[in-house]
Structures are given as C-alpha cells and as structure tokens.
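Each remark here refers to the structure printed beneath this line.
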Amino acid sequence: VTVGRIPFIAALLFAGLFAFAPQPRAQTAEDLVKATFLYRFTSFVTWPPGVFADEQAPVRLCVVGADAFAVTLARAVDGQRVGTRSFAVQRLTNVSAATQCQVLYVVGDRVDDALRAVRGSPVLTVTDGSVGGATRGMIHFVVISDRIRFHIDDARAAESQLAVDSRLLSLAVSVRRRAAA
Amino acid sequence: MRQALRNAFRRGPAQRGAVVFAIILVLLGLLLAAFSEDGYQRQKASEIAVQSQIVSASVSPALMFDNSANAQDYLSALSANPAISAAAVYNAAGVRIAAFTRAGGTPAPSRASVRPAQFEGQSLVVVTPVRRDGETLGAVYLRTDAEPALRRFSRYAGVGILILLAALVVTMFGVAQGILTEANAELEARAQQLLQEIEQRERAEEELLQSRKLEAIGQLTGGVAHDFNNLLTVVLSGLRLMERNSDPARRASTMEAMRQAVERGAGLTRQLLAFSRRQALKLEPVDIGFHLQGMRALLERSLRADILVDIAIPADLWPVKTDPTQFELAILNLAVNARDAMPKGGVLSITAANAPSANGDYVEVRVRDTGTGIPADVVGRVFEPYFTTKQAGQGTGLGLSQVYGITKQSGGDVRIESVPNEGTCVTLVLPRSDEAPALAAEQQTNPSTPSVTPGKAILVVEDDDAVAGVVDQMLREMGCRPTRVENAQAALTVLERDNCFDLVFSDIIMPGAMNGVDLANEIHRRYPRTPIVLTTGFSGSANVDADFPVLRKPYQIEELERALMSALEASGASR
C-alpha cells in the first residue's frame, strides 16, 4: 500500500459508509419480495429478437439508485433461471449504459433520466412507488394492504417492442393498455 | 318341475354346458363391470390430474407474485365444474392462500403435501405442485367426490340386467333341452319296451296257436283212428263173411255194408282235410234234406244212447248253395257240442225251413238241444277261433268257428240263441241255390253204371302202384284201354312216341321235377286237343288248375266215369 493510495482508500470507505447509510432497511422482507418479483417478471416478458446474443445469454438486471436492493437482488437470483437463461445483476451509475440491460430497476432522483435514456430501447423499466417515486416505468411497484403490488404500463412496453404476458397483466393493480395491434 | 330341473342339471352334457355357459356369461359380465369400473376410476384420476395441472399452471403467476386474490379467482372459476367439491392453493411455505369449497362439502385442509391422484373414501384427491422454471412455488389441491354408489351401480344395471337375462335364457334353454331330452329318452325306452312286449306277446300267441293246433290234431287223430278202426273192422269182417258165404243175396248185403263203411272213411278223411283247412271250399247246389237224412245214422251212432236225434226236413225245402262236406261237418260239430251240453241226455232236433226275404231267399237250418245252455257272458265269443269252454284235451275251440266259416263263405249267416238250463239253438242261414242239386240227385236216382265210352285209350299217370292197379281195373271195367306210367317225364316220353291217347288221367302229387299240374300244362301246350283229368287226395293245389277238371280222392267208379266222360265231351265239343 503506497502512501499515495491511503486517501483513496479512505475516500472509498467513506463513500461506502455514505452509500449504505441512507438505506438502513435494505435487507427488509419487502426488498426480498420485490427482488423476487423483479426476476420473475422476466418469465412473462418477451424481448424482441436480437436482444440476447444466444440462448444461454443471461438476463441482465440493472439497478439504479438502490445499491442495497442490488445486493438483495443479486442474492435472490442466485441459482434462479428463466428458461435456459440465468440472471446477471448490475449496479449502474451511468444510466446511458442502461440500454444494454433487459430489466432496469430505477429509484431515486435519477428515474426520469434513466427512463429517458432507455426510452424506445427493449428494456423493461421498473419503478417503485413504495419508496416514494411518482414517475412510473413500465412496471410500478406499490404497497396495498401490506402487500407488494404493481401497475403495468403496457402501452410503454409496446413502444419498446416488449410483449407482456396477459397472465402478468391480470395480476396488475392497473394496466395501461397498449394500442390495439 | 323341481325334479325336472334337478335332472336337467344332473344329466346330459347339453344342460351342463348351458349352465356352465350361463355362469361364464355372468362371470364375464362381472369381470367387464370390474374392468369398466377400474377404467372409470383411472379415467377419473387422470381427469383430475389433468385438471390440477391446468389449475397449477393457471395459478402459478398468482403464486409467483403472492396474489391470493388472483389465485382465489381461478379457484372460484372451478365451481363451474360440478365434479370438484373442494380446491385449494398453497404457497411454497405450504400455507393455504386460496380455497374453494362447494356448499355442504368438507373444506380443503389448511396444509397439504404433494401426492398423486388417489381415492380417499368416496373422494378422489390430488395435490399437484406448482413449479416455474424449476422453482417450486406451491401446490394445488383438488378433490372430486366420486359418483354415489347408487348412480355408479345404475350405470351398470342396464348391462347387468341384460347379462342376467341372457344367462337366464341360456339356463332355461338348457333346462328345457334337458327336460326334452329326458322326455325323449323316456318315450324311446317306453316304445322299446312296448315293442318287446308286442314281440313277446306275438311269440306267445304263436306258440299258443301251435300248441292248440297240436292239441286239436291229437284229438282228431284219436277220434279218427277210432272211427277208422270201426270201419276197418266192418270191411275186414265183411271180407271174411264173403269168403265163407256164397249166398249172393247175403254177399251183396255184406258188400253194401262194406261200401258204406269205406264211404264213411272217405267222409272222415274229407272232414279231417276240411278241418286242417287244406280242403278247397267247393260251393255247389246241395239238397240239405238228402245230406241230413244221410247223416242220421252217423249222428245216432256218434251221440250217446240217452240223446234222441230228431231230424225233420220238409219235402219242399229249397236247395242251398254250400259245400256239402263242410255243411255236414258243421252239423256234426253242432251235434257234438249239443251232446256235450246234455250230459244227462236230451233231445237234439235238426229242423229246416225256407226263409224268403227281401234280400234274397234263404234256407234256415236249426240245430237245437235241451242242454245247459251258454252263459250270457260267453255267448258273444263262441264263434271266435279257439274259444272253448271245454276242459283242456276235450275241445279245440274250432267247432263253432268252422260253423261260422262255412255259413259266411257260403254267403249266409249264423245265429245263436241260448237260455241257460233250457238249451241252445244255432241257426244256419244258407242262401238258396237256383240250380238243382244234380249230382246228388243223379247219384241218388241213378246209382247204376252210366253209359260207357268203350275203346277209349287212357294214359294213366300214377306213382302209387296200388292206386294205379285199382284205377286200371276201374278203367277196364268201363271198357277203356288204360296205359300206366309212373311219372310226368315218362308220360311225356310215351306221348312223344305215340300220341294215340284219347285222354290223360294224372295224379297231381308225384315225385320228380314235374307235378300233375305242370304235366297237364305241358301236354296242353304240346297237344291242345288231348283232354286231361287230374286227381288228388290233397286239396291245397286244387285251386291252381282252373283249366283242368280235378277228381278228388277217394272216388267211386261212377265219379271217375263221369269225370272222364265230361272231359271227353268237352274236348269233343271244342273240336
């Protein structure tokens, strides 16, 4: 360890403290449920051809603005598969890179940026009203009667060439229908 | 009926087969029902398994996103299926998150472990896991209440009844067949038995007939031998008397007695032959009065001294058509019966009267006795052959049968009236003859030698030397020139050599290939103009020679001469 690096390490530690400090409830059951829901959504969504390199290519789940949740999600998807694919969880700081994700969970103040960045791209956007976000992605978590529920904006999904299974739609609290094909 | 049923089951392969078939049919039906029931259960289990798979797939999103309301919606949709009585969805932790229970049914358990479709009592239960991408999300519980036993039974009842009916029909068929077979067998056995009985009876009757004939022949032989002894005594003593006595008048008287004795002997043999039924019936006009008067001496001698014979025949009695010998035998039979009916003596009266009637004229001859009479219960049977009331060895039962036979064969009738202890009257009704009894009258009126045909050459065919000698003597007496040969072949040889004979007189019964009838036919074929007269002591063959006159033995010289004359005249007339 060089002396030159000490400030960097200190800064990193500080940053880490800072990063985890605002999410004291990161390991809640609610996050686990949302994480589970998040990867399960992929069972009901069909991406346009060319999104995946091959059959074995993992589904990339990206998290913006919720690092603790990203950890929970990473644990939740461990060993899970959808079809032939496994999952890969990625924390994003640069939302412009989100176009490479298949699912983008975004909370906090960068929601609008992120949504704007992936608009039209085949990325399933998930927002979370339970942590106070008002802007809605294609799927928007809410808490109703102490249970996690979600709204679905199928019209937006359609703009991104995503097909959402009707069974998933039937589970939604509300659905914004896509225009009739 | 029960017995018949039991028999039907007991005997006969057909019946047993039918019963076995019926049992097999029922067993088959039961087996089919079992298979069907098993198949039904399998099908139901398969159905519920599929149903639970569908439910499982349907509720998997609800489980994935912990949406019990959504799961409940799916379960509620199951209520449309009336077979499902309960359903539930459990999450991965095994907690029931949604349930459906049909009204009045038992709810699904709060926790359930996965198991394949299986019956629990009357219910079929299946718990199917809900999986998604290798992850077990929970389980689905489904329960169907099996059909009530009654409804299930009713499903098979129709088929069952049909099978039972078929089995019943088959069984009844077998039983009926059995009864029929049994009846047939019984019938056959009875028929067989009957046949055997008939055969036995026929054999017995044959034997009886034979023994009775033997008995009758024995009786007759005895009687005839006795009579013949008497006759022979007369002849023998007559010959002795003639040897010792040279007085022509006394010799003539003795000769007359001898002639009568021999005639009676001839009559006896004729009766014997008639009895043995070898005598051909010869219907001819008969002067009854003449014959009855001629029988008076015989009757008086053959009946006992304590029996008075009274014969009363009117002079104007019509001649009748009958066989004189048979008629005499009939009278004799009746007389013997009368004698036996009068053990303490009495009167035998024979009367005759003309009986004109619309159906023709008849003569009634009554033979009446003053004997014991015939009981009313047997009077109807007395004309049956072999019927007799006499003790064994005393009567043949043929007497009245002969009387019946001769009157019937003559075209007449016979009646019998009897009053017990007063007597019996038998009436012979004989048809009147239009012709006069020429023979008897001639015999009576002209016993002397008729006109002879002297110089006629006669070929005599006779195997018996004694008879041939007598015939030769008689023919020479008549002025003929007889030549005798011993058999038919010799006769033909002689005729071939020199056919100079005016007539052939041949015996019928001869040794050799040809008998008299054959010879007569052959001679008639070769020499149709040569008249032929046959003679025989038997009457059995008398009916075959319709073409040739037959002189029956024994005969007198007058009869021989008449026969020869008529034959010669007939041949002369035909020329």
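The values are calculated or read from the model by the stated rules, or taken from the named source; none is laboratory data. The structure displayed is predicted, hence computed values, not measured ones. Cβ sites come from the backbone with ideal geometry, for glycine too, and all protein chains shown count toward neighbours. Side chains included, ligands, DNA and RNA excluded: accessible areas come from the protein's heavy atoms. Shrake-Rupley method; radii C 1.70, N 1.55, O 1.52, S 1.80 Å.
Observations on the model:
- Calculated accessible area for the stretch B:62-174 comes out at 50 Å² per residue, all protein chains present (probe 1.4 Å; ligands, DNA, RNA ignored).
- FRET efficiency, B:ARG152 to B:ALA80 (Cβ-Cβ, R0 25 Å, nearest 0.05): 0.60
- Rounded, prolate or oblate (a/c below 1.5 giving rounded, otherwise prolate when a/b exceeds b/c) for the stretch B:62-169 by Cα gyration tensor: prolate
- The mean number of Cβ atoms from other chains found within 10 Å of a Cβ in peptide B:234-247 is 0, as a whole number.
- Cα gyration tensor, the stretch A:23-181 - rounded (a/c under 1.5), prolate or oblate: rounded
- Segment B:THR136..B:GLU207, full-extension length gain: 14.3 nm, with 0.36 nm per residue of separation and the alpha-carbon distance subtracted.
- With contacts taken as Cα pairs under 8 Å and at least 6 residues apart, the stretch A:86-135 reaches a relative contact order of 38 percent.
- Formal net charge of residues neighbouring B:LEU475 (Cβ-Cβ distance under 12 Å; K, R +1; D, E -1): -1
- Nitroxide proxy distance, nm - points 7 Å out along Cα→Cβ at B:THR106 and B:GLN556: 13.7 nm
- Approximate spin-label separation B:ASP340-B:VAL50, in nm, with each point projected 7 Å along Cα-to-Cβ: 11.0 nm
- Förster radius 35 Å - calculated FRET efficiency between A:ALA163 and B:VAL95, Cβ distance, rounded to 0.05: 0.60
- In the stretch A:145-169, the residues whose accessible area drops by at least 30 square angstrom when the other protein chains are added to the isolated chain are A:ARG147, A:ARG149, A:ARG167; the probe is 1.4 Å and only protein heavy atoms count.
- Mean separation of Cα contacts under 8 Å (6+ apart) over length of the stretch B:68-187, as relative contact order %: 20 percent
- Amide H to amide H, with H built 1.01 Å from N, A:ARG91 comes under 5 Å of A:VAL63, counting only residues 5 or more places away or on other chains.
- Note on B:56-65: average number of Cβ atoms from other chains within 10 Å of each residue's Cβ is 4.
- Potential extension, B:THR269-B:ALA57 segment - 0.36 nm per residue separation minus Cα distance: 63.0 nm
- When you count the other C-beta atoms within 10 angstrom of each residue and take the mean per peptide, B:34-47, B:512-525 line up highest first as B:512-525, B:34-47.
- Cα gyration tensor, the stretch A:93-143 - rounded (a/c under 1.5), prolate or oblate: prolate
- Here the contact order of the stretch A:39-181, divided by its residue count and restricted to Cα pairs under 8 Å and six or more residues apart, works out to 22 percent.
- Sequentially through the stretch B:286-292, phi angles give Karplus couplings (6.51, -1.76, 1.60; θ = phi - 60°) of 10, 8, 4, x, 4, 5, 5 Hz, Gly and Pro residues having no value and appearing as x.
- Were the residues from B:GLU569 through B:ALA69 laid out at 0.36 nm apart, the gain over their Cα-Cα distance would be 164.7 nm.
- Calculated from backbone phi, Karplus (6.51, -1.76, 1.60) coupling profile of the stretch B:493-510 in Hz, x at Gly/Pro: 4, 4, 5, 4, 5, 7, 8, 10, 8, 7, 6, 10, 10, 10, 6, 8, 8, 9
- Minimum 30 Å² accessible area buried by the other protein chains, the stretch A:32-78 residues, probe 1.4 Å, relative to alone: A:PHE37, A:ARG40, A:SER43, A:PHE44
- Across the stretch A:98-105, coupling constants 3J(HN,Hα) worked out from phi with the 6.51/-1.76/1.60 Karplus curve, θ = phi - 60°, read 5, 5, 8, 8, 9, 10, 10, 9 Hz, and Gly and Pro carry x.
- Inter-label distance for B:THR493 and B:SER357, nm, one decimal - labels placed 7 Å from Cα along Cα-to-Cβ: 6.1 nm
- Positions from the stretch B:125-140 whose accessible area shrinks by 30 Å² or more when the full protein complex is built, not the chain alone, probe 1.4 Å: B:ARG132, B:ASP133, B:GLU135
- What the Cβ-Cβ distance of B:GLN118 and A:ALA97 gives, at R0 = 45 Å and to the nearest 0.05, is a FRET efficiency of 0.25.
- Seen from B:THR351, the other residues with C-beta closer than 11 Å to its C-beta sum to a net charge of 0, counting Lys and Arg as +1 and Asp and Glu as -1.
- Where A meets B: accessible area buried, both sides, 1.4 Å probe, Å²: 1400 Å²
- For B:VAL460, distant residues with modelled amide H under 5 Å away: B:THR483, B:ARG484, B:VAL485, B:PHE505
- Long-range amide H partners of B:ARG131 with built H, under 5 Å: B:LEU137
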